[in-house]
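Each remark here refers to the structure printed beneath this line.
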Amino acid sequence: MTNNMFFIANWKMFGDFRSVNSVKKVIKFSKNKKYSKVQIVYCPPYTLIDKLLRVTKNSKIKIGAQNCHFSQNPGPFTGSINTDLIKSIGAKYVIIGHSENRLLGDSNHIINLKIKSALKKKLKIIFCIGETLKEKRNNKTNTILSSQIRRGLKNINKNNDIIFAYEPVWSIGTGIVPKTKNLEKQVLTIKKMIIKIWKLKNPKIIYGGSVNQKNINELKKISLIKGFLIGGASQNYKNFIDIIKKTIN
Ligand code: 13P
């Protein structure tokens with residue numbers, strides 16, 4: 001297990017000003033030399049980005065947004081935030097293609113525009129891909145994943161600013177994680193797809209979907225996985241720290 005693993009907290013639509021205290025605990029924990037190479041990223045709701053940027057200022061913890069609008073220019077898009085606004089406030093990452101947003105209408109084409117816009121602003125991207133339960137049952141997993149990768153990255157030159165997050169939709173928030181052997185095989189297939197489609201030698205692939213302090217000992221066995229995108233368990237600092245400790249120990 002390498003030490004420079006990613007632990008990315010996706011708070012989704014949870015968290016208010018009181019959640020800041022839990023981040024302070026993680027900052028303190030992250031100062032331990034043992035975890036000096038670990039990459040911790042918090043993606044809170046937009047409303048907390050500024051606050052968390054201030055709190056994490058003298059730490060190695062980075063802050064990201066959970067989504068962005070595809071337009072590179074300002075415009076009449078009520079309720080939306082684009083990569084320019086995310087960059088200007090000082091965040092370094094953005095999650096793009098999360099299944100919860102695909103469900104709300106983000107097509108592969110829109111995701112492609114969002115990725116282009118984020119790259120232009122030099123943001124690091126957490127690019128989510130994953131199949132639904134129906135697609136899995138219909139043996140469509142690899143077709144779906146390869147199309148998400150191909151269309152999401154269309155006309156984008158290979159680069160190291162994209163982290164690929166494999167999040168099977170059926171695993172998100174369900175407590176169900178793929179069997180270790182199956183997940184290992186799937187991640188290897190994804191790696192091969194990225195190499196073939198994008199000619200990138202060593203893509204960074206992380207896993208998301210019901211990661212918690214109980215199943216992490218099993219998940220960490222898969223050396224192809226370079227980190228985790230964590231929803232529910234990242235909201236509780238004790239669980240989040242526990243996950244990091246167990247992975248790195
Ligand atoms: P859970 O960890 O709550 O299953 O959420 C995973 C996820 O969607 C992270 O982006």
Quick one: grab the alpha carbon gyration tensor of the range 1-142, order the square roots of its eigenvalues as a ≥ b ≥ c, and give me rounded if a/c is under 1.5, else prolate or oblate depending on whether a/b is larger than b/c.
oblate
Debye equation applied to the C-alpha atoms of the chain, log10 I(q)/I(0) at 0.07, 0.09, 0.11, 0.17 Å⁻¹:
-0.21, -0.35, -0.54, -1.38
In the range 187-249, how does Rg compare with the Kirkwood Rh, expressed as the Rg/Rh ratio over alpha carbon atoms?
1.05
Quick check on my link table: of LYS33/LYS238; LYS179/LYS199; LYS87/LYS245; LYS24/LYS185; LYS192/LYS246, which ones sit more than 26 Å apart, alpha carbon to alpha carbon?
LYS179/LYS199; LYS87/LYS245; LYS24/LYS185; LYS192/LYS246
Environment charge of LYS204, counting only residues whose C-beta is closer than 12 Å and scoring Lys/Arg +1, Asp/Glu -1
+3
Sorted by chain and number, the residues with a modelled amide H under 5 Å from that of LYS124, at a separation of 5 or more or across chains, are TYR93, VAL94
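State the percent of C-alpha pairs, over all pairs in the range 129-210, separated by a distance greater than 14 angstrom. Intermediate results must be reported in sequence, preceding the final value.
Values: 2071 of 3321 pairs.
Roughly 62 percent, rounded to a whole number.
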Please identify the trypsin sites (Lys or Arg not before Pro) of the range 140-170 that satisfy two criteria: DSSP loop assignment and at most 16 other Cβ atoms within 10 Å. Which are they?
LYS140, LYS154, LYS158
Residue farthest toward the positive end of the dipole of the range 144-249, with Cβ of Lys/Arg at +1 and Asp/Glu at -1: which of GLY208, VAL177, ILE163?
ILE163
Quick one: dipole size for the range 17-159, taken about the Cα centre, charges +1 on Lys/Arg Cβ and -1 on Asp/Glu Cβ, in debye to the nearest 20.
840
Proximal aspartates and glutamates to LYS226, defined as alpha-carbon separation beneath 15 angstrom and excluding residues fewer than eight positions away on the same chain
ASP161, GLU167, GLU184, GLU218
In debye to the nearest 20, the charge dipole size for the chain, taken about the Cα centre with +1 at each Lys and Arg Cβ and -1 at each Asp and Glu Cβ, equals 960
Rounded if a/c is under 1.5, else prolate if a/b beats b/c, else oblate: with a ≥ b ≥ c from the C-alpha gyration tensor eigenvalues square-rooted, which is the range 78-223?
prolate
Among the Cα-Cα pairs of the range 95-173, the proportion with separation greater than 20 Å, in percent, is 27
In sequence order, what are the phi-derived ³J(HN,Hα) couplings for the range 117-128 according to the Karplus relation 6.51 cos²θ - 1.76 cosθ + 1.60 with θ = phi - 60°, rounded to whole Hz, with x for glycine and proline?
5, 5, 5, 4, 8, 6, 8, 7, 10, 9, 9, 8
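Laboratory data are not the source of any read-out in this text; all were calculated from the coordinates shown. These numbers were taken from a predicted model, which means no experiment stands behind them. Virtual Cβ from ideal backbone geometry, glycine too; neighbours counted across all protein chains shown.
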